[in-house]
Amino acid sequence: MQRTVVIIRHAKSSWANPLQSDFDRPLNERGEQDAPVIGERLKKQQVPPDLVIASTARRAKQTAKKIAKATGYDEAKIQWEETLYHCIPSVFEELIAGVPDNVGTVYVVAHNPGITAFVNSLAPHKFTIDNMPTCGAVAAKFDGLHWSDFSRTEKQVFLFEYPKKQHDSK
């Protein structure tokens, strides 16, 4: 069975309150606008989620909800995962390995710097980036009977979206 993982960095956050904790920072105006745009692009690319898992940090929650709404996913079904807050790549792998096997496509909404390192590990000889942009999305697919096969199966990155990416208007 072909399985797809879409890794999404939270949208642009606000630094308006310098005393606010990093965990509690909300999206800024640009982030509020970018998140649904990325959701619409993912929907247009025919990569709808069967499951959305997101960090519990405020900006990641807001991003996940806006993307879920744009793709038609019920935001009440988003799974909140504390371990995604500023995690290392192995946390992504463990989380993905535990996805139920009835899920074909999973979205994971998280943070840098771990997210850049993780997407660079998906298909390192074919896809690497210097820095995952805010509200960037990288999608990879693999063939496997179980999500637990993810870490030891060859993956193909087939999509890289971000808010400032130019698209043909045809």
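Quick note: the coordinates plus some simple rules give every number you see, no bench work behind them. Please read these numbers as outputs of a predicted model, since none were measured by experiment. Glycine gets a Cβ as well: all are built from the backbone with ideal geometry, and neighbour counts include every protein chain shown.
Before moving on, here are some points about what is shown:
- When only alpha carbons are used to place a centre, segment 1-59 and segment 76-145 end up 13 Å from one another.
- Rounded to the nearest 5, the antiparallel percentage of DSSP beta bridges internal to the chain is 50%.
- Considering only Ile129, Ile53, Ile67, the Gaussian network model of the chain with Cα springs below 10 Å gives its largest mean-square fluctuation to Ile129.
- Ranked by how many other beta carbons lie within 10 Å on average, peptides 13-23, 69-79 from highest: 69-79, 13-23
- Listed residues Lys65, Lys126, Lys141, most fluctuating in the chain (Gaussian network, C-alpha, under 10 Å): Lys126
- Exceeding the 25 Å Cα-Cα cut-off - candidates Lys12/Lys43; Lys12/Lys155; Lys61/Lys165; Lys69/Lys155: Lys12/Lys155; Lys69/Lys155
- D_trans [Stokes-Einstein, Kirkwood Rh over alpha-carbon pairs] for segment 79-170, 20 °C, 1.002 mPa s, µm² s⁻¹: 152
- Here the chain is assigned +1 on the Cβ of each Lys and Arg and -1 on the Cβ of each Asp and Glu. Its dipole about the Cα centre then comes out at about 560 debye.
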